[in-house]
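The structure appears right after this line, and notes come after that.
The values are calculated or read from the model by the stated rules, or taken from the named source; none is laboratory data. Treat the numbers as computed from the prediction; the structure is a model and nothing was measured.
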Amino acid sequence: MSNSNYFNQALHDMVFETACGAAIKRLADKSFPVSYIIKELDYPVSFERVQRYVWQYYLDNKTLIYLDNETNYREENGIIIIKESNIKKTYVKEQGPYGKTTFRQVTSSEADNTDSNQKSINGRKYVSCDFGILKRNNSKEFENLLNRLDAYDKAYIMDLPWENKIVYHILNDRMLSVKRVNISNLKNIM
């Protein structure tokens with residue numbers, strides 16, 4: 001990529017972030033479908049751009065995750081519970097060589113004092129989503145699932161670019177509604 005193309009892309013990304021990044025994040029935090037988010041924006045932007053932006057935002061804020069070998073989790077009744085580390089953030093006041101006062105963030109990890117046999121109830125709950133796999137490998141079953149959902153949940157699922165692998169979505173009201181249609185063993189979630 002040449003320097004001018006790199007600069008133009010960076011400038012385009014900065015304008016996009018300034019014009020509508022915060023609005024997209026705010027609406028995505030409320031689990032609005034991408035098609036609804038686009039209607040609410042004052043800045044003209046393509047569906048694919050907002051779709052990619054929302055997907056990346058969900059990955060960044062851990063609304064969506066992929067499980068890997070380093071993920072500390074347990075499974076209960078089809079729900080994945082990710083053990084969160086207890087990180088404490090504090091600020092330290094420091095004085096520079098010329099008297100300038102600054103604050104520096106210090107993070108410290110608190111030790112887990114729970115017994116190894118006792119399961120901690122703390123953690124974020126996720127449900128597995130195989131929508132991308134269904135869409136690509138079994139489109140008839142995917143259509144049947146979508147037809148059982150209400151219009152709002154259907155739009156949410158259809159508007160995200162699900163990958164052809166298992167993705168884990170945080171268990172919120174929307175996913176609880178979607179999964180109740182698809183899975184019968186979510187009765188004992190909460």
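Quickly run through region 38-73 and pick out the residues that are of a type in the set (Lys, Arg) and under 20 Å from VAL15 (Cα atoms).
LYS39, ARG49, ARG52 - these are the residues of region 38-73 that are of a type in the set (Lys, Arg) and under 20 Å from VAL15 (Cα atoms).
A quick yes/no check of all residues on (1) in the same structural domain as TYR152 (by TED's automatic domain parsing); (2) under 20 Å from TYR152 (Cα atoms); (3) among the β-branched types (Val, Ile, Thr):
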| position | (1), (2), (3) |
| --- | --- |
| GLU17 | no, no, no |
| PRO33 | no, yes, no |
| GLU40 | no, yes, no |
| GLN51 | no, yes, no |
| TYR73 | yes, no, no |
| LYS93 | no, no, no |
| PRO97 | no, no, no |
| LYS100 | no, no, no |
| GLN105 | no, no, no |
